[in-house]
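Only one structure is covered here, and it is reproduced in the block below.
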Amino acid sequence: SAEERPVPPDALYFRGPVLSRFDGQEWQADPMANALEKGELRVSGAPVRYTMTVEPSKRHWLTMLDAVAQTPQAPPGAVSGRIYRNAMLQWLTQRPITDVLRVEAESHINFSYGPLENSPELNRYRMLPSGTNARTLEMARQMRYSPELAKADTQTLVNAALQKLRTGGYTYTFEPGVVDNINTADDFWFDSKEGFCEHISSAFAVLMRGMDIPARIVTGYQGGDLNPVDGYWTVRNSDAHAWVEVWMQGRGWVRVDPTGAVVPGRIGQTQRLAIPRGALASAMGNFVSPGTLQQLRAAWEAVNNRWNQWILNYSQSRQLSLLESLGIEAPSWTDLLRLIAGFIG
């Protein structure tokens, strides 16, 4: 729930784990890279102040809207414990989030972070396993040393790679199939030419590293749905996303979302692919229109959100004040328990 100016949909990036170690098939977090990263954050403009209600995930990840400069505030005694930020700009909790958690935060949509000058630590983000993705590396070499790009800066090279995604016949799909080798980037660029955000971002990062550009993958969420009933944004698992960060001289780490080049509506208009429906959903669709189902869902989520806020907001004194407003004189905990029992009944 934003308290002030609305955030454009294409700026709704909620940051999670950063992956920088690549074995040819999988990306993983690199503890050494996190230890070496300086994590200098530079912000500009007025922040967006908001309250976020986080569902239990049993993980330490607190996926905040990029980028939060000051520590998000949780209620005293929250089960999550201390909230802190690592060098990759990811916010974490001391203990896993096992209950509904409400945090208040300020995010800066306009920000930059990371070193502004080249340094040996950035070489970790150029590394690729030997003997893998040979065709992608050859394409990177040809692009990097082509006559029109031989003296190009990093932004120009990034734009050229994005243009290849726009015009090369690549598609966005939830069913890309299984690649049974360690040349996953080769498969995307030259064979299947399809995948979802993880496939696209992985292939793009490999291409960047092949051109000697530091690159890594950021996971989290992008977009969400604005509930017309109560004005809150809902971010679901279907909004999970992966994008790329590349390092540029004088700018630091810069977000590049290659999925937007393949399917622009996924980012700017928060469009989602339709997941195949099961038998129950198909049967419901025969009797209830999709618009009605969306309205029912929005109403239910608004009620659920209001209940969560009531539970999270009401201290003992405010709960007893509620009983007084209901006409109960000198209310006690016994009266509160009776009222709750009545609601349950």
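Among the residues making up the stretch 67-78, those that are assigned to a loop (DSSP other than H, G, I, E, B) and within 11 Å of A105 (Cβ to Cβ) are A67, A69, Q70, T71, P72, A74.
Among the residues of the stretch 222-238, are any modelled with pLDDT of 95 or more and buried (at least 22 other Cβ atoms within 10 Å of the Cβ)? Let's see the steps before the verdict.
Let us first name the residues in the stretch 222-238 that are modelled with pLDDT of 95 or more, namely none.
No, because not a single residue in the stretch 222-238 is modelled with pLDDT of 95 or more and buried (at least 22 other Cβ atoms within 10 Å of the Cβ).
Out of the residues in the stretch 34-53 that are polar (S, T, N, Q) and closer than 18 Å to F14 by Cα, which is least open to solvent (accessible area, probe 1.4 Å)? For the stretch 34-53, the residue satisfying everything is T51. Taken over the stretch 183-223, the criterion of being among the hydroxyl-bearing types (S, T, Y) and in contact with a Gly (Cβ under 9 Å, 6 or more places away or on another chain) is satisfied by T184, S192, S202, T219, Y221.
Which one of these is crowded, with 19+ Cβ neighbours inside 10 Å and under 17 Å from the mean Cα position of the chain (by Cα): S80, S107?
On the way: S80 fails: under 17 Å from the mean Cα position of the chain (by Cα).
Only one candidate qualifies: S107.
The residues in the stretch 198-219 that are assigned to a strand (DSSP E or B), open to solvent by less than 10 Å² (accessible area, probe 1.4 Å) and not aliphatic (A, V, I, L, M) can be counted, and the count is 1.
Based on this model, can you work out whether Y113 counts as of a type outside the set (V, I, T), more than 28 Å from Q249 (Cα to Cα), surrounded by 14 or more Cβ atoms within 10 Å (Cβ to Cβ) and at pLDDT below 95? Taking the combined requirement at face value, the residue does not satisfy it. When the stretch 248-264 is filtered for residues that are in a loop (DSSP other than H, G, I, E, B) and closer than 28 Å to T171 by Cα, the ones remaining, listed by number, are D257, P258, V263. For the criterion of being surrounded by 12 or more Cβ atoms within 10 Å (Cβ to Cβ) and farther than 21 Å from Y221 by Cβ, G16 fails.
Condition first: open to solvent by 20 Å² or more (accessible area, probe 1.4 Å), part of a strand (DSSP E or B) and not aromatic (F, W, Y). Now tell me which residues in the stretch 54-66 satisfy that. Show your work before the answer.
Going residue by residue through the stretch 54-66, those that are open to solvent by 20 Å² or more (accessible area, probe 1.4 Å) are 54-61, 63.
Those still in the list that are part of a strand (DSSP E or B) too: 54, 61.
V54, the sole residue that qualifies.
Looking only at residues in the stretch 79-101 that are assigned to a loop (DSSP other than H, G, I, E, B) and in contact (Cβ under 8 Å) with a residue 60 or more places away in the chain, the one that is farthest from R42 (Cα to Cα) is V100.
Does the stretch 165-197 hold any residues that are in a helix (DSSP H, G or I) and buried (at least 17 other Cβ atoms within 10 Å of the Cβ), and which are they?
Scanning the stretch 165-197 gives L165, T184, A185, D186, D187, F188, W189, C197.
Close contacts from the stretch 21-45, counting a first residue that is farther than 23 Å from L207 by Cα and a second that is charged (D, E, K, R) and modelled with pLDDT of 90 or more, with Cβ to Cβ under 7 Å and a gap of 6+ residues or different chains, come to L36/E121.
Could you grab me the full set of residues in the stretch 15-53 that are among the polar types (S, T, N, Q) and not in a strand (DSSP E or B)? Write out each step before concluding.
We begin by selecting, within the stretch 15-53, every residue among the polar types (S, T, N, Q); these are 20, 25, 28, 34, 44, 51, 53.
Result: S20, Q25, N34, S44.
Residues that are surrounded by 13 or more Cβ atoms within 10 Å (Cβ to Cβ) and either among the hydrophobic types (A, V, I, L, M, F, W, C) or under 20 Å from E194 (Cα atoms) (or both) within the stretch 135-158 comprise R135, T136, L137, M139, A140, M143, L149, A152, L157, V158, listed in sequence order. Does A161 satisfy the criteria of being open to solvent by less than 20 Å² (accessible area, probe 1.4 Å) and either aliphatic (A, V, I, L, M) or under 11 Å from A261 (Cβ atoms) (or both)? In short, yes. The set of residues in the stretch 220-236 being without any contact (Cβ under 8 Å) to a residue 40 or more places away in the chain and either in a loop (DSSP other than H, G, I, E, B) or in contact with a Cys (Cβ under 6 Å, 6 or more places away or on another chain) (or both) consists of R236 alone.
The values are calculated or read from the model by the stated rules, or taken from the named source; none is laboratory data. Model, not experiment: these values are computed from the prediction. Because the Cβ atoms are built from the backbone with ideal geometry, glycine has one as well, and the counts that use them run over all protein chains shown. Surface areas here come from the heavy atoms of the whole protein model, side chains and all, with no ligands, DNA or RNA. Shrake-Rupley method; radii C 1.70, N 1.55, O 1.52, S 1.80 Å.
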